[in-house]
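Here's the structure we're looking at; comments come further down.
The values are calculated or read from the model by the stated rules, or taken from the named source; none is laboratory data. In this text the structure is predicted, and so the values were computed from the model without any measurement. So basically every Cβ, Gly included, is an ideal-geometry build from the backbone, and we count neighbours across all protein chains shown.
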Amino acid sequence: MEWRADRPHNALPALPPGAELETRAVLRACITARAALGELKQAAGLLPNPTMLINTLPILEAQASSEIENVVTTADALFQYLSLESAADSASKEALRYRRALLDGFQSLRSRPLSTGTAEAVCSTVMGRPIAVRRVPGTALANSTTGDVLYTPPEGESRIRKMLADWERFLHEREEIDPVIRMAAAHYQFEAIHPFTDGSGRTGRILNSLMLVEQDLLPMPILYLSKFIIANKAEYYDRLLAVTARQEWEPWLLYVLRGVAQTARWTTEKIAAIRRLSEATEAVVRRRLPKIYSRELVDVLFEQPYCRIGNVVDAGIVGRQAASRYLKELAAIGVLRERKEGREKLFIHPRLLELLTSELHDFEPLGR
């Protein structure tokens, strides 16, 4: 049956498609993407405290992926409310749920492979309420300006669940296809199935990161792929639709592989800059505040850009009174900046915050 935008795509073909996925151009791009992922994995392993990556980079992914769905907040706000979500505005709360869904999904890989159940759990966390596969018709994707229907996903719970079962088999059984190419094809398929009434896009982007972790291409979900999608948003939707309408797989795969390579390289550079800042900070604190210096204290400063007295206490470094004094001394030498928020004192790590939220990979030198 010929595909039409205004009719449910109940004839969506299972993967792999009839068209060849691993064309010569795709394989060349895949080599580049795999090399960039390898460098990112190696860079992550060189950090003295890898915890900071899982605390910070998913925040950037959450902010960008939420922005794709027109949920607009800032990475600065998300870092600020990370330990006090109840005080956040609604957009920040929604983006923080995305981060939590990403991390919960990461933890779930220890006990089960990626599955429909993973997708339902991820979407439920993203949306803040229980979400299951669609049971009722009426879902359609439309142009936000004109209202024209661009795509109508398949309908019927049993049909959707069967399509998702086929999607699972493609993920786990077609090992002859390179895992990055498999991830790109599976992402199209998940978005075409569009299994949830809301949250399918964000869920699909989380599943991308989880698949790279599951395939041991990354140690944790730190690929900031939504950064690339935001910068190339129109092309993202055009390429998805071109697969549906004309089976144009190669341009879609090349788009995703280009995104993986670019964002992996960007993230690798960001990690290298964080390492440089960590080493510079350690040297300054060791020299100027030798009585309070410890590697553990510096690690706490790099777990996230907003540090609270409780963070130092929870790390088992010192008690609350001493922790307050330590942070004030760090502020006095310019490593931190103290700010009062209501009854609470926040200690901002300005260089780390700027480094994480900037396109650049430089930071202001620390005072001697």
Report task. State which residue is surrounded by the fewest Cβ atoms within 10 Å (Cβ to Cβ) when the search covers only the stretch 320-337 and only residues that are hydrophobic (A, V, I, L, M, F, W, C), in contact with a strand residue (DSSP E or B) (Cβ under 7 Å, 6 or more places away or on another chain) and free of Cβ contacts under 8 Å to residues at least 24 places away in the same chain. Result -> Ala331
Report task. Taking the residues in the stretch 338-368 that are under 19 Å from Leu84 (Cα atoms) and among the charged types (D, E, K, R) as candidates, determine which candidate is surrounded by the fewest Cβ atoms within 10 Å (Cβ to Cβ). Result -> Arg343
Report summary line: Per the filter on the stretch 28-50, residues surrounded by fewer than 18 Cβ atoms within 10 Å (Cβ to Cβ), aliphatic (A, V, I, L, M) and farther than 15 Å from Pro179 by Cβ are Leu46, Leu47
Query raised in the report: Got at least one residue in the stretch 299-317 being within 24 Å of Pro50 (Cα to Cα), surrounded by 16 or more Cβ atoms within 10 Å (Cβ to Cβ) and acidic (Asp, Glu)?
Result: yes
Requested in this report: Assess whether Asp76 counts as being more than 19 Å from Thr263 (Cα to Cα) and in contact with a Pro (Cβ under 9 Å, 6 or more places away or on another chain).
Outcome: yes
**Report entry** Matching residues in the stretch 179-219 - criterion: being part of a loop (DSSP other than H, G, I, E, B) and in contact (Cβ under 8 Å) with a residue 40 or more places away in the chain
**Finding:** His194, Pro195, Phe196, Thr197, Asp198, Gly199, Leu217, Leu218, Pro219
Query raised in the report: Name the pairs whose Cβ atoms lie under 6 Å apart, with the first residue in the stretch 153-166 and assigned to a helix (DSSP H, G or I) and basic (Lys, Arg), the second modelled with pLDDT under 95 and crowded, with 16+ Cβ neighbours inside 10 Å, and 6 or more positions between them or separate chains?
Result: none
Requested in this report: Kindly indicate whether Gln63 is under 25 Å from Ala273 (Cα atoms) and over 15 Å from the mean Cα position of the chain (by Cα).
Outcome: no
